Structure formats: C-alpha cells, structure tokens
Amino acid sequence: MIKNYKTENIHNVLLAGHGQVGKTTLNESLLTAGGVVHTPGLVDKGTTVSDWDEEEIFRKMSIKTSLSFVEHNDHKVNLLDTPGSPDFVGEVRAGLHVADVILVLVDAEAGVQVEAEKQARYAVDFKVPRVALVNKLEKENADFDAALDSISEKFGKPAVPVWLPLGTGSRFTGVVDLLRMKALILDPGQAKPQVSDIPGDMQDAATNAHEKLIEAAAEGNDALTEKFLDGQPLTEEEIEKGLNEVIISGSFIPVLCGGGNRVSGASALLDFITRVFPHAGQRPPAEGFKPGAEDQALTRESKESAPFSAYVFKTLIDQYAGKFSFFRLMSGSVVTDQDVMNVNVSKKERFSHILNMQGKKSVEVPKAVAGDIAAVAKLETTLTGHTFAEAGHLIQYPRLRMPQAVYSVALNTKKKGEEQKMAGALGKMCEEDPTLQFRFEPEIHQSLLSAMGDLQIDMTLAKLKKKFNVEVEREVPRVLYKETVQKASKGHHKHKKQSGGHGQFGEVYLDIQPLERGAGYSFENKTVGGCIPKGYIPGVEKGVKEALQRGVLGKYPVIDVGIRLVDGSFHDVDSSEMSFKIAGRKAFNAAMESASPVLLEPVMHVKIYANDNFMGAVTSDLNSRRGRVLSMGTEQIESHVPQAELLTYSMDLKAMTSGTASFEMAFSHYQPISGRIAENVIKAAAALHSQEKEED
C-alpha cells in the first residue's frame, strides 16, 4: 500500500540524455534500490520495467516516456524515463511540462552529445532545473574531467561536482561524496554503498572540489553567503539547502557520477534526490488563464490547500485496457470517484480509479495531492494537453509546446476500401503521440503521415499493421507549390451561351496586381453606374476564388494577388449568378496569363544540431540543396532551405552524421522559382493531372 505523501515529499525527476547513455538501466537500478523489483531488468533481454512495449523490446531502445516511482526515506520519487532518439523528442518536451528537475545523463567517454545538449536547452525554455550525471565511468576511455568541461560548455553554466569518481574504466570502484567527504564503494553485488575514508591519493582533489562545492552552495542563499564570507564553516544541512537553491536558480550545474548497473550507486543517488533535489512544492506557481479568455492570466500554487487543477501531459491507448490519461496535479487534491471538469471541452469526467504507474502495471491509490503524477483510465473526452479543474475555480493551462514534424510520407492502403480504417487507427496513434500528424491534403490529393523522423514513421506503420491489420504503401509527398503574378494586368471575358429558352450572359472586366508576400488575396468591387447589378457581384468573386485554386502554370493555388472588378455588362433576361461566376473565373485566368505568372516554392527555416566534426559536411550538403545558411554556432546551424530539398533529409542527415545529428524545421516563406527547376515542376504537374484524368 502506498503511503499518503505531502507535496513537499514528492520529487518528479525526468531522466534524459542521448540514446544509449544508460537512462533505462539507471531507472532499473533506482527501482531495485527502492525495493520495487528484486533485481534490475536488462534492456538487451527486454525485461525492464520502463521498456515494456513490443517495439521497445524488439529494438532494444525507449520510444516513449515511461512512468514509475520509488518510495525512499518517506519521500516519493516519480521517475520519467524518456527516449534519447531525436525521433521521440516530443516525449521529452511533454515530460518537461510536469517535471521538477531534469537529470541529464552524460556519457563519460563522449561527453555531452547532441540530444543531451538539446534536452538541456529545452529545460531552460521550460524553466526546469538541471542536474547532470556523468555515466558509464566503467568505459575504458572514460574521462570525468573532460565530461565536466563539456557540461559547462554545452549547458552554458559552471559545472560543479558533487561526487568525484574513484577510478575510471576497469578501475572504477565508487565515488567520493563531497558533501560528507567520504568514499562510497559501489560494489555491484551490494544494495547499498560501503562508506569509507577517502583514499590518500584522492585527498587533495577531494578537498579542492569540496571547497568549490561549498562556495557554489553558499551562493544559493544570502545567509549562507554571508556566513561563508565570514569564514564560518557550513553544516552538511546548510550545504544541502544551498545546493537545493542553486539547482532551482540554475546558477550552477551540480554533477553526480556513476557507472554500470550498480544498485548501490542508485541507493546513494536516491539519498541525494530526497535530500537535495527540488520537491514538488518548490515548483513556481503554474501559469494558466481564464477559460475562453487567454488574455486573463491565472495561477495556481503547488499546494494541497489550493483549488484542484491538473494537466494531462500524456495519453496511452492499450489494445485491451483502453485509454490512460497521465496527469500532474498542479494544485489541490483529488480522490477516487470524484467528478472534475475537463476545461477544454467543458464536460465533467469521473476519476473512478486513480492510478500510480510502474511501467505498464498500475497501483490504485485513494487520493493524489498537488505535485504528484498519476493516471486515470477510460476518460471519454480527455486528450493530451487538456486541463482538469474544480468547478467554480476554473483555470486552463496552455497546450503542449511540441516541435513541428520534420519528415512526412504519403500513404495508400494496399487494400481498397480500408482508407477509413487507416485514418481511424492513425488517429488513435496521433492521440497518444502529439508529434505524429495524419491528415489528407486536398491540394495535393495525398494522405500524409508526418513525424520527427523515419524511425518514428517505421514504428508507427509497423504498429498499424500488427495491431490494426492495415497495410500501406508509402511514397514521397508532393510539394505544395503556389503561383502568383509579378506585374499588374487586365482581364476580360464575355460569357454568352444560347441553348433554347433562357440563355447565359455575363461580361466581366477586372484588374489584377501583385501583393506583398504573405498578403493572401483581396477582392474589390470598383464598378460604377450599375454595369453589373449588386446581386451578381458575389458570383464574380466566387468565380475568381475558383480560379485561385488552380493557376495557369501547374494548376497550383494562386496567392498574394489583388483583384479589382472594374466593369462589365449584363442581360435583363439571360444573366445569372452562374453566368458571372464563369465570366469571373475566365477573366481572372486571362489576366493572370499576361501578368508574368511565376511559381512559388515553400522554404523552411531549419535548425540542425550536429557534432563539430560533421559541420563541414552538413554545410556543404545544405549548399547543394539550394540552402542559405543564416548562422552557425556551437554544433548548430540555422538556414533557409526549399522544402523540395528536404523530403528525405531526415534519413540523409542520419547517414551523413552516423546517426548523431538531428534537426528541427518550420515553414518560413514562399519564394519564386524559375528556369529549369520551374520547368520540371510544371512538367511533373502536367503529368500528374493527365494521370488523374485517366483514372477518373
């Protein structure tokens, strides 16, 4: 039976770091040290608590955030084990919405790698305190000092060791605890560390590091700073208090260390977490707004005495057990069978069972309080990013801030008639993972699945086949080009048709002119004297809008044009709205053909994160893709690149950098293209339209 914990005794720790750095292994050791499991599970054997999904076991890697918890020294430590692959960066960002601290694991040999650097930067964006742990000190080329320098450089703050390693490589035996100035021997076969005196050859290094640690801790608190400057010694409790405040302020990066699957090291880490890490009550007030009025800010303190509110940061849909909504209580408390308000959809939901999760297993609890992370099953209307609140004290929290998908594929079902089945299944998967997007793009006539990379796409389609029995074929998506005009022009068309009875008549004169990029479209009626009755003007505009959907070059949508209806004529009997709609459409096409029409291609703003040794190759490749480099920094490049050059970039970049680099992108603007590139685009569009006609 789980104890009832106060908010100040709850710690939400997000385990982060580059892939293969040992996050899941550390999670297993922490669970073992906390008595949750008897022995640590192994990633290679698929026996870990957090990597329980079939795909994770098969691929031997985490692909989702897994929640587990440890009870230690009358504290509850919620652990969020996150993936290290750039394809699943959304899982890290979702976890940062609810974490009290991020523990970034750093490889003792490689130092801070690309994904760890990105995650540390995300933590700053989300105002989540950062701590680092140099892991895998048992590796033969481990270098703690180099890793420490790497942390200072990549995290942008001084790194201050809290532990020092006792040896590295095959000689790694434990750590020096600089708080207590004791050696902790981490025997792989022991549940707790053996405490001993610091070896003689480590005394000087430990003393120097201890003094730096005290100085850093003193800076976290004014009273401690004054005491330190007066030359008075700080107690262990005072140092811990100062370190806690240093972690929260972010002025220094405390650094721990460890290696191997050592439960004794995890036990020492749990001691440090419960003594020093920020607790849930130290989280700043949660910032939200009045539902329906985003400009009216509201806050909630992380206290049990405050009105209830909670935030859903993750959804999990199990084939048999149904949907689970994972949430953090931002304020107040909630008990079993309590009705709460889903603020986003203004509907009540009942918390029939409140669950604490250990991987895929759940433990039912009667109550959850501010700061805790829990789950509830089978809520009908709740989605990731939704807010729960107490009726009469409503607040809404902003939706998840997720990166834009960078890789898309067009999908066609292998069996005809399964399109709806595919859409329904992918819709459920997108509900679980907000970085996945599935949509039908009518302008290019394709169903697109977008994700953070090809690995995420592969896993999604494998799940689609295995769990929903839908097989698909994929192809490269078409680029949504646009068309516009480069100069002003005039257009005229007289629509006249007689076929017995009432005929059709409508005559339109209009002017078109280019507008600034991004202006869209405008329509003005400048006719005078009733040359076209007011009742027919909407027909002209409808015809123009139809023409805007299919330009004169490649039948792409037309943007950034201004249209003025200047003259026309009508017939008392034969004119109709349809007649003027046809005349408006054809007058626009005539004007556009003489207005120097040009193709526009979408250009993306791209941020690439790569190790220094790959920067030259990445830059050269960008140039070959017609990219324009905007800036270069430490292991980061920003550039503008045409979307047409990025359709397979996710795979190309991985191949170019041995899988170590990643990138983010967002739409920037449209730019004109001409010459052979434009000719090829127009030729391909003509072939596609011809094929579509044949199929019809």
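Key figures
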{"quantity": "Cα-centred dipole magnitude for the chain, charges only on beta-carbon of K, R (+1) and D, E (-1), debye, nearest 20", "calculated": "2600"}
{"quantity": "Estimated vicinal HN-Hα couplings, Hz - segment 99-109 in sequence order (Karplus 6.51, -1.76, 1.60; Gly, Pro = x)", "calculated": "7, 8, 7, 10, 9, 8, 7, 10, 5, 5, 9"}
{"quantity": "Value of relative contact order over the chain, rounded to a whole percent, pairs C-alpha under 8 Å and six or more apart", "calculated": "10"}
{"quantity": "Residues whose placed amide H lies under 5 Å from that of residue 143, excluding near-sequence neighbours", "calculated": "109"}
{"quantity": "Taking 640, 669, 97 and counting other C-beta atoms within 10 Å, the order from fewest to most", "calculated": "669, 640, 97"}
{"quantity": "Computed lengthening from residue 467 to residue 619, 0.36 nm per intervening residue step minus Cα-Cα distance", "calculated": "50.6 nm"}
{"quantity": "Sparse-neighbour loop sites [trypsin sites (Lys or Arg not before Pro); segment 61-127; at most 13 other C-beta within 10 Å; DSSP]", "calculated": "127"}
{"quantity": "Net length gained if the chain between residue 680 and residue 45 were fully extended (0.36 nm per residue, minus Cα distance)", "calculated": "223.5 nm"}
{"quantity": "Residue-averaged [θ]222 nm for the chain, counting only DSSP H segments that reach four residues, each worth -39500 (n - 2.57)", "calculated": "-9000 deg cm²/dmol"}
{"quantity": "Cβ-derived FRET efficiency at R0 35 Å, residue 638 paired with residue 594, nearest 0.05", "calculated": "0.30"}
{"quantity": "Hull volume in cubic angstrom per residue (convex hull over the Cα atoms of segment 483-595)", "calculated": "85"}
{"quantity": "Nitroxide proxy distance, nm - points 7 Å out along Cα→Cβ at residue 3 and residue 474", "calculated": "4.9"}
{"quantity": "When the chain is reduced to its Cα atoms, the Kirkwood hydrodynamic radius in Å", "calculated": "28.8"}
{"quantity": "Qualifying trypsin sites (Lys or Arg not before Pro) for segment 180-214 [loop in DSSP, other Cβ within 10 Å: at most 14]", "calculated": "180"}
{"quantity": "Check: segment 172-236 dipole with +1 on Lys, Arg Cβ and -1 on Asp, Glu Cβ, in debye", "calculated": "300"}
{"quantity": "Point-charge dipole on Cβ atoms (K/R +1, D/E -1) for segment 600-677, about Cα centre, debye to 20", "calculated": "220"}
{"quantity": "Backbone HN-Hα couplings from phi across segment 435-441 [Karplus 6.51/-1.76/1.60, Hz, Gly and Pro as x]", "calculated": "7, 7, 9, 10, 7, 9, 9"}
{"quantity": "Amide hydrogen neighbours beyond the local backbone of residue 495, cut-off 5 Å, H modeled", "calculated": "506, 507, 508"}
{"quantity": "Derived scalar couplings ³J(HN,Hα) [segment 371-383; Karplus, 6.51 cos²θ - 1.76 cosθ + 1.60; whole Hz; x for Gly, Pro]", "calculated": "x, 7, 10, 9, 9, 9, 9, 6, 7, 6, 9, 7, 10"}
{"quantity": "Residue 551 long-range amide H proximity, modeled H, under 5 Å", "calculated": "556, 558"}
{"quantity": "Added length on full extension, which subtracts the Cα-Cα distance from 0.36 nm per residue, residue 515 to residue 335", "calculated": "59.0 nm"}
{"quantity": "Farthest positive-ward along the chain dipole, Cα basis, beta-carbon charges - from 640, 660, 20", "calculated": "640"}
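Laboratory data are not the source of any read-out in this text; all were calculated from the coordinates shown. If you're wondering where the values come from, they're calculated on a predicted model, not measured in any experiment. Glycine also receives a Cβ, built like all others from the backbone with ideal geometry; neighbour counts cover every protein chain displayed.
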